[in-house]
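Undergrad: If you scroll down you'll find the structure; I have some questions about it.
Each reported figure results from applying straightforward, stated rules to the coordinates on display, with no laboratory input. Since this is a predicted model, take the numbers as computed values, not measurements. Cβ: placed from backbone, ideal geometry, glycine included. Neighbour counts: every protein chain shown.
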Amino acid sequence: MLFAYLMRCTGDYYLSSDIVQESFTRYLDSYGDGTNSAALLFQIARNALYDVRRKKHRTLVLAEDSEYKVGNPEHHMMVRDEYRRVLSAMRQLGQEERDILSLVVSSGLPYQEIARIAGTSEANVKVRVHRARVKIKKIMNKGDI
């Protein structure tokens with residue numbers, strides 16, 4: 001779930017893998033084996049992602065190739081095309097909208113935990129997610145991608 005969240009945020013397989021590894025390392029170094037909090041791990045990963053963005057000062061680009069294989073090549077192409085379209089639409093959202101939507105879709109965490117991670121209210125998270133989904137739907141329906 002953490003990797004899926006990071007993939008939606010970055011679109012970069014290798015960067016997402018690095019951040020997952022860094023997040024688990026930070027988590028274990030700081031909290032040890034005794035703590036078991038998915039929300040805390042997502043917060044660490046989110047902060048690590050912000051660190052990378054601050055260091056690079058550039059827009060992250062989508063990874064074009066995926067090594068994921070599906071038995072049916074036609075199905076694989078359709079899924080990959082739809083995945084690219086959704087990621088492209090997500091790139092047109094603001095950074096905060098993309099982060100919140102990615103957390104909701106990928107983490108499996110309740111809105112209350114996501115609100116804590118984002119430093120906002122649960123109601124605000126729900127409103128922001130709804131607005132982001134509406135924007136993505138409009139973008140995809142327009143064919144701007």
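Undergrad: Quick one: Debye curve from the C-alpha atoms of region 2-142, no solvent, what's log10 I(q)/I(0) at q = 0.09, 0.11, 0.17, 0.18 Å⁻¹?
TA: These q points yield log10 I(q)/I(0) values of -0.30, -0.44, -1.01, -1.11.
Undergrad: Give me Tyr5, Tyr13 sorted ascending by neighbouring Cβ count inside 10 Å, so fewest comes first.
TA: Exposure proxy ranking, most exposed first: Tyr13, Tyr5.
Undergrad: Another one. Check cross-link reach from Lys126 to the lysines: straight Cα distance under 22 Å, and skip same-chain residues fewer than eight apart.
TA: Lys135, Lys137, Lys138
Undergrad: Helix 38-56: angle to the longest alpha-carbon principal axis of the chain, degrees 0 to 90, nearest 10?
TA: 70
Undergrad: Can you list the HN-Hα couplings for region 73-85, worked out from phi with the Karplus curve (6.51, -1.76, 1.60; θ = phi - 60°), rounded to whole Hz and with x for Gly and Pro?
TA: Once θ is set to phi - 60°, the couplings for region 73-85 become x, 5, 4, 4, 5, 5, 5, 5, 5, 5, 4, 5, 5 Hz.
Undergrad: Can you run phi through the Karplus equation (6.51, -1.76, 1.60; θ = phi - 60°) for region 102-117 and list ³J(HN,Hα) in whole Hz, with x for Gly and Pro?
TA: Values, residue by residue: 5, 4, 5, 6, 9, 7, x, 7, x, 4, 4, 5, 5, 4, 5, 4 Hz.
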